[in-house]
């Protein structure tokens, strides 16, 4: 009975109690739906739901005016026309090296010294022998003078009969012996001087000098190494350093036989080094080597620099443009260029479509003069940016694009 009484105490909720809460939630639903429609409209306006347009692109680059009158391009290397591996004419141990890579040396400058105690002793001995010969000459000359005086006395006494013919003959023979001794002493002096000169030359061979003004490229030996003119011996060095005259630097390029007719001696050129991409050097054809390489069907052409630059080093990679005329004063400044097919007229203005985040961004552009196959850009875009080639009419600002593979 108690349980039945408790069950009767339940409070039942009226059926219409949830109505006001539901009515309060309905405005939020409309707000959320309106925002969703707004976001969809914005995305549609930006072309999110528009299919991507297939386009071809090109890169805005930096060009030089000389490209419009370039006849031929070739690649090669900077080569020193005067280069030497400096070595010794004698075999000895290297005891001193006074230069390293990058040092500038003058003609005749001592750059290394070999072990020379033995040749120094030989030179000193030759010098001593020369001094002995000189002393001997003084001695025999004194004897000669004495013999000459005796001979004159005997000659004067022979006429009046104050001396005998035998004494006269003896004085004459003594004079002849003295004269021969003097001639022998003089010959000995010449031999001693020649021996001394030979010893000095041998000593000079131990001093390695620069043969011309140059810069040291490589150091081939160190102190303690055996240096020999013939480097076949084990652990022996044939050269101490390798040097090159930087004033003789030229660019050597291979020109195909079919294009060699476009090249002539004295022709103006423009040289670009891979190590210095932002600099163009003036040059001219120095020589067309009068022989062809049958394996490559090319002819070697040497181009000399018209301007010296300390940054130019041997063995640098280089590109040479052979020009139809010299570069003018105002044609040496690089200019920003692009393919003229990228520019179109929209609403009376010239524009390009720059590629950014897979979208085409309409950008006003100012064009300059035509430079061969490209056109100068004076404003709107910069080098390195990519632009759409031949933009289709349906391409709009912000249109999604898909770049076609080349």
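The values are calculated or read from the model by the stated rules, or taken from the named source; none is laboratory data. This one's a predicted model, so the numbers in the text were calculated from it and none came from an experiment. Here Cβ is always computed from backbone atoms with ideal geometry, including for glycine, and neighbour counts include all displayed protein chains.
If only residues of the stretch 316-334 that are surrounded by 14 or more Cβ atoms within 10 Å (Cβ to Cβ) and in a strand (DSSP E or B) are counted, the one that is nearest to the chain's Cα centre (by Cα) is 318. Across the stretch 257-278, the qualifying residues are those that are loosely packed, with under 14 Cβ neighbours inside 10 Å and part of a strand (DSSP E or B), and the one among them that is farthest from the chain's Cα centre (by Cα) is 278.
The residue that is surrounded by the most Cβ atoms within 10 Å (Cβ to Cβ), among those in the stretch 284-315 that are within 10 Å of residue 251 (Cα to Cα) and modelled with pLDDT under 95, is 314. Checked against (1) surrounded by 17 or more Cβ atoms within 10 Å (Cβ to Cβ); (2) assigned by TED's automatic domain parsing to the domain that holds residue 128, residue 215 passes all but a single condition, namely (2).
Looking only at the stretch 57-93, filter to residues that are over 22 Å from residue 214 (Cβ atoms) and touching a helix residue (DSSP H, G or I) at 6+ places or on another chain (Cβ under 7 Å); which one of those is surrounded by the fewest Cβ atoms within 10 Å (Cβ to Cβ)? So the residue we want is 71. Just one of the numbered conditions (1) at pLDDT 90 or above; (2) in contact with a strand residue (DSSP E or B) (Cβ under 7 Å, 6 or more places away or on another chain) is not true of residue 235: (1). Scan the stretch 114-153 residue by residue and report those that are out of contact with any helix residue (DSSP H, G or I) (no Cβ under 9 Å at 6 or more places or on another chain) and surrounded by 13 or more Cβ atoms within 10 Å (Cβ to Cβ). The answer is 115, and nothing else. In the stretch 335-374, of all residues being in a loop (DSSP other than H, G, I, E, B) and in contact with a helix residue (DSSP H, G or I) (Cβ under 9 Å, 6 or more places away or on another chain), the one that is surrounded by the fewest Cβ atoms within 10 Å (Cβ to Cβ) corresponds to 373. Condition first: within 24 Å of residue 367 (Cα to Cα) and touching a strand residue (DSSP E or B) at 6+ places or on another chain (Cβ under 7 Å). Can you find one or more residues in the stretch 305-323 that meet it? The answer is no; no qualifying residue exists.
Scanning the stretch 380-394 for residues that are within 38 Å of the chain's Cα centre (by Cα) and at positive phi turns up 380, 384.
In the stretch 164-185, the residue that is nearest to residue 114 (Cα to Cα) out of those that are surrounded by 15 or more Cβ atoms within 10 Å (Cβ to Cβ) and in contact (Cβ under 8 Å) with a residue 40 or more places away in the chain is 185.
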